[in-house]
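J.: One structure coming up, written as structure tokens, with questions to follow.
The values are calculated or read from the model by the stated rules, or taken from the named source; none is laboratory data. Just so you know, these numbers come straight off a predicted model, no measurement behind them. Cβ: placed from backbone, ideal geometry, glycine included. Neighbour counts: every protein chain shown. The area values use the complete protein model at the heavy-atom level, side chains included, leaving out ligands, DNA and RNA. Shrake-Rupley method; radii C 1.70, N 1.55, O 1.52, S 1.80 Å.
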Amino acid sequence: MWLPCGGTSNYIVTHFRRRLFKAYFRDLGRRRCNVAAFMPEAAGFDGVSDRSALQEFSVSNSESFWAAVARQRLSWIRPFHTVQDCDLSRGEIKWFVGGQLNVSVNCLDRHVHTCPERVALIWERDESGSEVKVTYRSLLEMTCRLGNLLRRHGVKRGDCVTIYMPTCPLAVASMLACARIGAAHNVVFAGFSAEALAERIRDAQSGTVITVNQGVRGGKVTELKKTVDTAVQSCPAVQQVFVAMRTENPVAMTARDVAMEEEMLKEDVVCEPAAMDSEDVLFLLYTSGSTGKPKGLVHTQAGYLLYAALTHRYVFSYHDGDVFGCVADIGWITGHSYSVYGPLANGGTTVLFESTPIYPDPGRYWEMVQRLKINQFYGAPTAIRLLLKYGDEWVHKYDRSTLKTLGSVGEPINTEAWEWYHRVVGDGRCPVVDTWWQTETGGICISPRPSDADAEIVPGMAMRPFFSIKPTLMDTEGKVLTSNDVSGALCIAQPWPGMARTIHNNHQRFIETYCRPHPGYFFTGDGAYRSKEGYYQITGRLDDVINVSGHRIGTAEIEDNQCAAVAESAVIGYSHDLKGQGVYAFVVLKNDVEVQGAALCQQLNNMVSKKIAKYACPDFIQVFVQRLPKTRSGKIMRRVLRKVVERDLDGVGDLSTLDDPTAVQEIIQESRTE
Ligand code: WTA
């Protein structure tokens, strides 16, 4: 021993050790405490001391993660005995097996017990400045009356009710009333035509429809009840139509119709909730695929609700007392998960936006943010791009200091729009979360948050997977790409509670679309790039689905229109300044057709809006095509048409598989002269 005094050296070493130990445990304690404050369930997860450990735990111990979260965050009538029973390769997905619950109880009753007068909904009506607030107590009452009314009219557990309404409290109550009595709902976006509505009513085998007399949007009145009247003419199974009054104008009622509000008043305000199994159907929601027939994605009770709630809480950092402003229509999945189910499951206050971003003027969103003191604003890139063009003054005019998080959804957000959203709307203070997900995923799967408050956010990138989500990229041969700085087909490697369970009446299509392309994985249909840092950026659809202003539409759906003048057509998505993607149609006319030019375009557009909806109408129609380029097996060469649309004629590539290469020359020739 070289120190003269061993005692002293021992003291120093022990003392030092003790201090180190203390500091270590204090730090560990603080980190544990932080992560438990962030997510209380984390306190029970072994080895989870910070957020990145929590993320890893949720991926590698997904069952324990979801079991704890499900016990903590949902009210169960009967606890589940099996966390999950899934086989992705066979498309069999079950979560929380054996459990029973009621979604409306989770969204309403339990909050009525603790805070009955808290505002659940703020209905931002089309008429600016005339918002209506609905407390949890009154939303529960509304839901119960409606549940009783549906029951009295014979709607039973397992039936499917179609809802064709604008975004309003009665639409939310209708969804929750279905959930209360165990019926499934099928909300159809109120912009869809009578034919599109009828197709969805028939496919869903709905016997009941709920609608309003008229809709009001952007100051314009739409005849929703009349549209339903037309639709049900070709839906023999429809026995009753409930009609609520959005405007004061009376509408013609038939023997099938029920005056909804009047009849609701006769009902009791208490309605016994049905005990639903976790895997009973909660709703169908139709979305476009790569065939002409839209698919009714099926979401079930517990897993969907839990996933919507957890993503709402953590992606947006939603806290008690916040006002959440998702401006999506309830007719889309974003409206389902983030205007209705997520916020209500969390006991939140959620805005129902009935209007448009530019009505009565381009300051509408921000005036609303100021008036309603919105804390999280969730919107679509297409609207942001539109507002950017109107200039900063419309934003600066209003106080946006309540805003804490800004969200973007539905399509890629370009850097310019992202920067403007961040710098002008959020005054550079608020994180912008570009959230990637789909009707199929039920809730957000990739998003910059949750992550540490100071974690970087790269403009225009969804970046980080949510808890338990394991994104995987595949190359063209179906091999997993393991390195970074690569692009591939985006798959998700393990099931999560929010994912769709099947396609209504067509499980085979579900398997073929999502499970078969990469066995053992869920295939999203999107392409993605993984950066050097491991962040994800969505690069767009890999199939024949285009995304117009954040609305999905299958090219085949537009092509399938039977127009007397048209022999055949091909629809291509192309890059569009405002809408993200525009619709470009190549049309081959029948020989004897006389109508030409503008009249023909008008006719074709009318067809599409009658068959589908206005948003699906082509932006550009090339009608003078003689024939479409096809392979020898008769498939239209979309790749070639895309290049023609993009004016990338050198990139047309190998034409050797074409049946008749001169068809391409003709199209190029014609597009040059036009
Ligand atoms: C696209 C909407 C890029 C994507 C919630 C997806 C996005 C489709 C993003 C789903 C995003 C959605 N960045 N693309 N942040 N979010 N998409 O079913 O192509 O209406 O597959 O669900 O929109 O559209 P859906």
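J.: Mind telling me which of the residues 79, 4 ends up being modelled with pLDDT of 95 or more and not aliphatic (A, V, I, L, M)? I'd like the intermediate steps shown before the answer.
T.: Values: 4 fails: modelled with pLDDT of 95 or more.
Answer to the selection: 79.
J.: In segment 130-144, what residues are crowded, with 17+ Cβ neighbours inside 10 Å and not β-branched (Val, Ile, Thr)?
T.: Selection gives 131, 136, 137, 138, 139, 140, 141, 142, 144.
J.: If you don't mind, there's one more thing I want to ask. Out of the residues in segment 420-437 that are open to solvent by less than 10 Å² (accessible area, probe 1.4 Å) and within 16 Å of the ligand (Cβ to nearest atom), state the one that is nearest to the chain's Cα centre (by Cα).
T.: By that ranking, first place goes to 435.
J.: List the strands (runs of 3 or more DSSP E) that sit entirely inside segment 236-287 and contain at least 2 residues that are over 26 Å from the mean Cα position of the chain (by Cα) and not hydroxyl-bearing (Ser, Thr, Tyr).
T.: Result: 240-244, 257-259.
J.: With the requirement that a residue be within 15 Å of the ligand (Cβ to nearest atom) and at pLDDT 95 or above, what does segment 443-462 give you?
T.: Passing the criteria: 443, 444, 445, 446, 447, 448, 449, 457, 458, 459, 461, 462.
J.: Do we find that residue 502 is at pLDDT below 95 and either more than 15 Å from the ligand (Cβ to nearest atom) or in contact with an Asp or Glu (Cβ under 8 Å, 6 or more places away or on another chain) (or both) in this structure?
T.: no
J.: Hey, among 372, 386, which residue is out of contact with any helix residue (DSSP H, G or I) (no Cβ under 8 Å at 6 or more places or on another chain), open to solvent by 20 Å² or more (accessible area, probe 1.4 Å) and in contact (Cβ under 8 Å) with a residue 60 or more places away in the chain?
T.: Values: 372 fails: open to solvent by 20 Å² or more (accessible area, probe 1.4 Å).
When all the criteria are applied, what remains is 386.
Per-residue answers, yes or no, for (1) under 30 Å from residue 558 (Cβ atoms); (2) open to solvent by less than 10 Å² (accessible area, probe 1.4 Å); (3) out of contact with any helix residue (DSSP H, G or I) (no Cβ under 9 Å at 6 or more places or on another chain):
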{"position": "125", "(1), (2), (3)": "no, no, yes"}
{"position": "128", "(1), (2), (3)": "no, no, no"}
{"position": "146", "(1), (2), (3)": "no, yes, no"}
{"position": "150", "(1), (2), (3)": "no, yes, no"}
{"position": "162", "(1), (2), (3)": "yes, yes, no"}
{"position": "165", "(1), (2), (3)": "yes, yes, no"}
{"position": "183", "(1), (2), (3)": "no, yes, no"}
{"position": "201", "(1), (2), (3)": "yes, yes, no"}
{"position": "213", "(1), (2), (3)": "no, yes, no"}
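J.: Also: Keeping to segment 514-533, report how many residues are within 15 Å of the ligand (Cβ to nearest atom), open to solvent by 20 Å² or more (accessible area, probe 1.4 Å) and among the aromatic types (Phe, Trp, Tyr).
T.: Qualifying residue count for the region: 2.
J.: Still on this structure, please answer the following. Inspect all residues belonging to segment 465-472 and state whether any of them is part of a loop (DSSP other than H, G, I, E, B), modelled with pLDDT of 95 or more, open to solvent by 10 Å² or more (accessible area, probe 1.4 Å) and more than 19 Å from residue 528 (Cβ to Cβ).
T.: Among the residues of segment 465-472, not one is part of a loop (DSSP other than H, G, I, E, B), modelled with pLDDT of 95 or more, open to solvent by 10 Å² or more (accessible area, probe 1.4 Å) and more than 19 Å from residue 528 (Cβ to Cβ), which makes the answer no.
J.: Also, quick follow-up: If you take the residues of segment 397-419 that are surrounded by fewer than 19 Cβ atoms within 10 Å (Cβ to Cβ) and over 19 Å from residue 356 (Cα atoms), which of them is nearest to the ligand (Cβ to nearest atom)?
T.: 414
J.: Can you name the residue in segment 307-339 that is hydrophobic (A, V, I, L, M, F, W, C) and surrounded by fewer than 24 Cβ atoms within 10 Å (Cβ to Cβ) and is also farthest from the ligand (Cβ to nearest atom) among such residues?
T.: Looking at the filtered set, the residue picked out is 323.
J.: Answer yes or no: is there a residue in segment 295-306 that is in contact with a helix residue (DSSP H, G or I) (Cβ under 7 Å, 6 or more places away or on another chain), open to solvent by 10 Å² or more (accessible area, probe 1.4 Å), polar (S, T, N, Q) and more than 25 Å from residue 416 (Cα to Cα).
T.: no
J.: Further, regarding this structure: Is it fair to say residue 366 is part of a helix (DSSP H, G or I), more than 15 Å from the ligand (Cβ to nearest atom) and within 20 Å of residue 124 (Cα to Cα)?
T.: Values: part of a helix (DSSP H, G or I): yes; more than 15 Å from the ligand (Cβ to nearest atom): yes; within 20 Å of residue 124 (Cα to Cα): yes.
The answer is yes for residue 366.
J.: Does segment 474-484 contain at least one residue that is surrounded by 17 or more Cβ atoms within 10 Å (Cβ to Cβ) and either within 15 Å of the ligand (Cβ to nearest atom) or under 26 Å from residue 304 (Cα atoms) (or both)?
T.: No, that holds for no residue.
J.: Now, a different point. Could you grab me the full set of residues in segment 49-80 that are of a type in the set (A, V, I, L, M, F, W, C), assigned to a helix (DSSP H, G or I), surrounded by fewer than 20 Cβ atoms within 10 Å (Cβ to Cβ) and in contact with a strand residue (DSSP E or B) (Cβ under 9 Å, 6 or more places away or on another chain)?
T.: If the condition is that a residue be of a type in the set (A, V, I, L, M, F, W, C), assigned to a helix (DSSP H, G or I), surrounded by fewer than 20 Cβ atoms within 10 Å (Cβ to Cβ) and in contact with a strand residue (DSSP E or B) (Cβ under 9 Å, 6 or more places away or on another chain), then 59, 67 are the ones that fit.
J.: Restrict the check to segment 552-560 and report whether at least one residue is under 20 Å from residue 599 (Cβ atoms) and more than 20 Å from the chain's Cα centre (by Cα).
T.: Yes; the residues of segment 552-560 include at least one that is under 20 Å from residue 599 (Cβ atoms) and more than 20 Å from the chain's Cα centre (by Cα).
J.: Exactly one condition in (1) within 13 Å of the ligand (Cβ to nearest atom); (2) over 21 Å from residue 359 (Cβ atoms); (3) touching a Pro at 6+ places or on another chain (Cβ under 8 Å) is false for residue 440; which is it?
T.: Failed condition: (3).
J.: Wholly within segment 557-658, which strands (runs of 3 or more DSSP E) include no fewer than the required count, namely at least 1 residues that are small (Gly, Ala, Ser) and open to solvent by 20 Å² or more (accessible area, probe 1.4 Å)?
T.: Here the list reads 566-576, 580-589.
J.: Within segment 260-279, does at least one residue satisfy the condition of being in contact with a His (Cβ under 7 Å, 6 or more places away or on another chain), closer than 23 Å to residue 495 by Cβ and crowded, with 24+ Cβ neighbours inside 10 Å?
T.: Checked against the condition, which is being in contact with a His (Cβ under 7 Å, 6 or more places away or on another chain), closer than 23 Å to residue 495 by Cβ and crowded, with 24+ Cβ neighbours inside 10 Å, segment 260-279 yields no hits at all.
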